[in-house]
């Protein structure tokens, strides 16, 4: 009896193994039948590597894509030009609100704007520096907006100056003949008291 009972589990395990093998064969046969019944084009596509480039696989006609791309670029350029025109018109309107057209002729007395930069090493402060220098005479009008300035002797002073950096000079006395005041940009040396300039630019007299 012990030998018979010991052989039962062995036969059961063999049957299970045999059944598994049969199931695997059956599944493979079903899959092969499906592939055989499928169209030849599908079976070939599944077993072959793609040979077309991404552009050809995505777009049917390259010339059609080029035409669409050209059309989109033209639309984008047209939109950018319209927006640029609107921005320029808005900026022009804001500028014209505060701008006054000024024209100078040869011989006019004008003041020139000084563009001073602060420099701590030289003791120069832009906020405390003289904003305008002159007066100068207008020499030649290079363009309606650019002029060449000259000194009282007719010698050119600096390079061309834009009209935005000029303003008319209004004489108060004999400013044209007065000597230039001493420069206030240089700091006095240590140990030496700062000397007060004796000559005032406008020679203002004391009030009675």
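The values are calculated or read from the model by the stated rules, or taken from the named source; none is laboratory data. This is a predicted model, so every value here is computed, not measured. So basically every Cβ, Gly included, is an ideal-geometry build from the backbone, and we count neighbours across all protein chains shown.
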*Unmet criterion (only one of (1) more than 30 Å from the chain's Cα centre (by Cα); (2) surrounded by fewer than 10 Cβ atoms within 10 Å (Cβ to Cβ); (3) modelled with pLDDT of 85 or more) for residue 156*: (2)
*Considering each of 55, 41, 49 in turn, give the residue that is touching a helix residue (DSSP H, G or I) at 6+ places or on another chain (Cβ under 8 Å), exposed (fewer than 10 other Cβ atoms within 10 Å of the Cβ) and modelled with pLDDT under 85.*
55
*Looking only at the stretch 95-119, count how many residues are surrounded by 10 or more Cβ atoms within 10 Å (Cβ to Cβ) and out of contact with any helix residue (DSSP H, G or I) (no Cβ under 7 Å at 6 or more places or on another chain).*
11
